[in-house]
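A quick write-up on the structure given underneath.
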Amino acid sequence: MTARILDGKSLATTLRAEIAADVAALYQQTGIVPGLGVVLVGDNPASRSYVTAKEKACTAAGIHSTERRLPASASREDILAAVHDLNGQEPIDGILVQLPLPDSAIEREVIEAIDPAKDVDGFHPLNIGRMVLGLPAFVPCTPAGVIEILRRADVPLAGAAVVVIGRSQIVGRPLSILLSQKGVDATVTLCHTQTKNLAQLTREADVIIVAAGRPGTLTADMVRADAVVIDVGVNRVPDSSKASGYRLVGDVDFEALAQKIAAITPVPGGVGPMTIAMLLRNTVNAARRRRGEPA
Ligand code: NAD
């Protein structure tokens with residue numbers, strides 16, 4: 001059996017066209033142009049390329065974007081000042097601070113400084129709390145993208161046994177909450193490094209979502225033939241055949257799994273592009289809510 005490839009890149013292209021049409025309609029009806037402010041600290045190449053991709057996607061969708069770029073040596077006060085400045089800018093509807101920060105110890109404080117009404121990454125405690133309660137909130141972009149892929153691929157989630165591998169605050173944990181909510185109705189098992197018998201749990205799962213940040217976390221012997229696998233991982237592995245010296249791989253053994261299971265997302269071209277599409281969607285929703293338009 002050969003798995004159906006869940007093409008996040010083409011789905012994201014469709015979504016981005018829908019969002020661009022929505023942005024154009026918003027402008028025609030109200031004159032509003034949604035704005036995104038990005039804070040980038042230091043020169044981590046992966047962060048730089050993520051920010052560039054997000055800004056390009058904004059431009060293509062008709063969303064205005066502005067960047068506050070700070071050196072790796074920027075102080076806590078400098079970073080907080082950049083966030084406060086964007087909080088106060090009327091044309092800026094969404095703010096994202098690209099993580100990781102060079103000093104990870106201040107990440108929480110910086111996230112909490114973002115105006116919750118502009119928190120389009122959905123990392124502020126107020127939005128996380130609202131999400132847990134099932135209230136309207138900004139939902140973190142990667143978990144939202146995963147659910148959108150599953151929905152648009154018609155993967156049944158109500159009553160499905162879903163295993164999420166990884167309990168990070170930005171991917172695994174919010175995903176586990178969203179999947180178990182009323183309306184999605186999956187039965188979720190959240191796994192992490194202390195989980196015993198991971199393979200036993202994954203063998204019983206209808207859907208497995210892997211966000212561990214380690215290549216080879218899920219192998220073909222750990223899944224049933226009818227499983228659906230969503231690979232969130234993005235890992236750089238050395239590859240001398242590439243000009244860059246590396247290639248990107250996910251967290252799962254893609255080749256072997258694709259020979260065995262029902263459906264799988266590739267890396268690259270799976271969850272990554274969907275994360276960006278969800279950021280655009282959150283930014284447009286922020287613009288509508290902040291300006292009193294129905295989101
Ligand atoms: P993280 O390091 O914060 O968390 C990883 C989690 O996985 C931890 O909870 C850990 O307990 C668990 N884990 C690690 N190895 C495990 C194992 N062998 N068995 C069970 N659990 C294990 O990572 P993160 O920020 O959630 O990111 C995870 C991966 O997703 C990374 O590769 C990251 O680059 C990628 N990512 C991709 C996107 C995207 O848009 N595609 C967005 C965010 C993160």
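The values are calculated or read from the model by the stated rules, or taken from the named source; none is laboratory data. A quick note: this is a predicted structure, and the numbers were derived from the prediction, not measured. Every residue, glycine as well, gets a Cβ built from its backbone with ideal geometry; the counts of neighbours run over all protein chains shown.
Of note:
- For segment 1-18, a residue qualifies if it is at pLDDT 95 or above and out of contact with any Ser or Thr (no Cβ under 9 Å at 6 or more places or on another chain), and the qualifying residues are 3, 4, 9, 10, 11, 13, 14, 15, 16, 17, 18.
- Extreme residue, nearest to the ligand (Cβ to nearest atom), among residues of segment 129-147 that are within 18 Å of residue 228 (Cβ to Cβ) and of a type in the set (Val, Ile, Thr): 142
- Subset of segment 235-250 [within 14 Å of the ligand (Cβ to nearest atom) and part of a loop (DSSP other than H, G, I, E, B)]: 250
- Single residue of segment 208-234 satisfying the filter (buried (at least 17 other Cβ atoms within 10 Å of the Cβ) and either near the ligand (Cβ under 6 Å from one of its atoms) or among the polar types (S, T, N, Q) (or both)) that is farthest from the chain's Cα centre (by Cα): 217
- In segment 168-204, the residue that is surrounded by the most Cβ atoms within 10 Å (Cβ to Cβ) out of those that are within 15 Å of the chain's Cα centre (by Cα), more than 9 Å from the ligand (Cβ to nearest atom) and under 19 Å from residue 228 (Cβ atoms) is 175.
- Strands (runs of 3 or more DSSP E) wholly inside segment 1-115 containing at least 1 residues that are touching a residue at least 12 places away in the same chain (Cβ under 8 Å) and polar (S, T, N, Q): 64-70
Per-residue answers, yes or no, for (1) under 24 Å from residue 234 (Cα atoms); (2) among the acidic types (Asp, Glu); (3) part of a loop (DSSP other than H, G, I, E, B):
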residue: 121; (1), (2), (3): yes, yes, yes
residue: 137; (1), (2), (3): no, no, yes
residue: 142; (1), (2), (3): yes, no, no
residue: 149; (1), (2), (3): yes, no, no
residue: 167; (1), (2), (3): yes, no, yes
residue: 188; (1), (2), (3): yes, no, no
residue: 196; (1), (2), (3): no, no, yes
residue: 208; (1), (2), (3): yes, no, no
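- Count - residues of segment 255-295 that are part of a helix (DSSP H, G or I) and either within 20 Å of the chain's Cα centre (by Cα) or free of Cβ contacts under 8 Å to residues at least 12 places away in the same chain (or both): 18
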